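Reading through the structure tokens given below for one structure.
The values are calculated or read from the model by the stated rules, or taken from the named source; none is laboratory data. Given the structure is predicted, the values throughout are model-derived calculations rather than measurements. No Cβ is skipped: glycine too gets one built from the backbone with ideal geometry, and neighbour counts run over all protein chains shown. Side chains are part of the model used for accessible areas, which takes the heavy atoms of the whole protein and leaves out ligands, DNA and RNA. Shrake-Rupley method; radii C 1.70, N 1.55, O 1.52, S 1.80 Å.
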Amino acid sequence: CKYGYLIPANIHAAAALERILVLNDRVWHMDLIQTKVSKLLKEIEDGINKFGIVEVEGERIYAYEVDGFGGVLADFDDANVPSLLSVPLLG
């Protein structure tokens with residue numbers, strides 16, 4: 001991890017948090033889980049939208065890694081999971 005924030009991992013984490021919210025709605029019905037998970041999910045999604053989507057050759061794409069200060073690795077993907085290619089599968 002060169003820049004510190006792996007966008008595919010954050011997308012995967014957001015998808016997992018969405019699934020937790022579904023479980024909470026269907027099974028647990030705990031207000032604290034709803035509140036904390038919703039807050040964390042929003043923070044992750046805001047970060048992905050603010051820093052993880054970059055423009056390359058006139059197209060907006062997901063970067064692989066970012067640092068939040070303008071450092072971006074956009075011309076790379078990993079063969080392992082999580083990766084940009086695994087986003088449709090994982091969330």
(message) Give all pairs with beta carbons closer than 7 Å in which a residue from region 10-36 that is without any contact (Cβ under 8 Å) to a residue 24 or more places away in the chain meets a residue that is open to solvent by 90 Å² or more (accessible area, probe 1.4 Å); count only pairs at least 6 apart in sequence or on separate chains.
(response) Asn24/Met30
(request) Scan (1) open to solvent by 100 Å² or more (accessible area, probe 1.4 Å); (2) closer than 14 Å to Gly91 by Cβ for the single condition Val22 breaks and write down its number. (result) (1)
(request) Could you grab the pairs with beta carbons closer than 7 Å, sequence gap of 6+ or different chains, first residue in region 73-91 and closer than 18 Å to Gly4 by Cβ, second one open to solvent by less than 40 Å² (accessible area, probe 1.4 Å) and assigned to a loop (DSSP other than H, G, I, E, B)? (result) Leu73/Ala63; Leu73/Tyr64; Ala74/Ala63; Ala74/Tyr64; Phe76/Tyr64; Asp77/Tyr64; Asp77/Ser83; Leu84/Tyr64
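Which residues, counting only those in region 32-48, are among the β-branched types (Val, Ile, Thr) and surrounded by 11 or more Cβ atoms within 10 Å (Cβ to Cβ)? It would help to see each step written out before you state the result.
Initially, region 32-48 is screened for residues among the β-branched types (Val, Ile, Thr), giving 33, 35, 37, 44, 48.
Scanning region 32-48 gives Ile33, Val37, Ile44, Ile48.
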(request) Considering each residue of region 49-72, count those that are of a type in the set (A, V, I, L, M, F, W, C) and closer than 14 Å to Gly4 by Cβ, and give that number. (result) 5
(message) For the structure I just gave you, tell me whether Ile53 is modelled with pLDDT of 95 or more and touching a Gly at 6+ places or on another chain (Cβ under 6 Å).
(response) no
